[in-house]
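The values are calculated or read from the model by the stated rules, or taken from the named source; none is laboratory data. The model shown is predicted, which means the values in this text are computed figures rather than measured ones. Cβ: placed from backbone, ideal geometry, glycine included. Neighbour counts: every protein chain shown.
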Amino acid sequence: MAEIRDVGELVNAEAAADSLDAEIAAGFAALPAVAGPPPRALYLIWRRPWMGAGVGTFIHEMLTVGGFENTLADRPRYPELTTADIEALRPNVVLLSSEPYPFRQKHVAELRALCPGVRAELVDGEPFSWYGSRLRHTPWYLRALRARLS
């Protein structure tokens with residue numbers, strides 16, 4: 001958000017930057033609270049090796065504000081994971097990002113076989129990892145994802 005205001009100042013568009021900042025803040029503020037414990041989510045970004053998003057990442061922040069508990073919150077940045085690690089994390093849901101690795105339906109099946117009973121979903125990586133003006137669409141996406149997973 002500070003970057004949006006900084007760019008607005010640099011290009012002499014402070015009013016537009018302030019408006020965008022307010023729109024994004026209102027969108028996140030309007031996200032409904034999660035009823036009960038948040039779903040334990042494993043957000044995967046790569047295959048061979050498996051890699052997920054840990055603490056200290058923008059993805060972690062989006063998971064948190066989106067009402068998810070990041071199963072990798074105790075690991076820094078982008079840890080490599082073995083299949084045993086994934087099983088031990090015991091996620092309720094595995095989110096398979098569209099980027100940087102282009103996960104497909106075959107990977108959903110692979111994760112469901114690895115963690116029987118887990119909900120595995122393909123997700124758009126942009127709302128989780130692109131900041132700036134694209135954040136205006138993120139609250140809507142997170143709300144729709146949570147509704148789909150309910």
**OP:** Go through the stretch 27-51 and count every residue that is small (G, A, S) and under 16 Å from R119 (Cα atoms).
**Re:** 1
**OP:** Name the one entry in T57, T71 that is crowded, with 17+ Cβ neighbours inside 10 Å and touching a Pro at 6+ places or on another chain (Cβ under 7 Å).
**Re:** T71
Original post:
Of all residues in the stretch 103-149 being under 18 Å from A30 (Cα atoms) and free of Cβ contacts under 8 Å to residues at least 24 places away in the same chain, which is surrounded by the fewest Cβ atoms within 10 Å (Cβ to Cβ)?
Top reply: A147
**OP:** Look through L72, L95, L111 and report the one residue that is part of a strand (DSSP E or B) and within 19 Å of the chain's Cα centre (by Cα).
**Re:** L95
Subject >> Set I59, I24: member being modelled with pLDDT of 95 or more and closer than 21 Å to E126 by Cα >> reply: I59
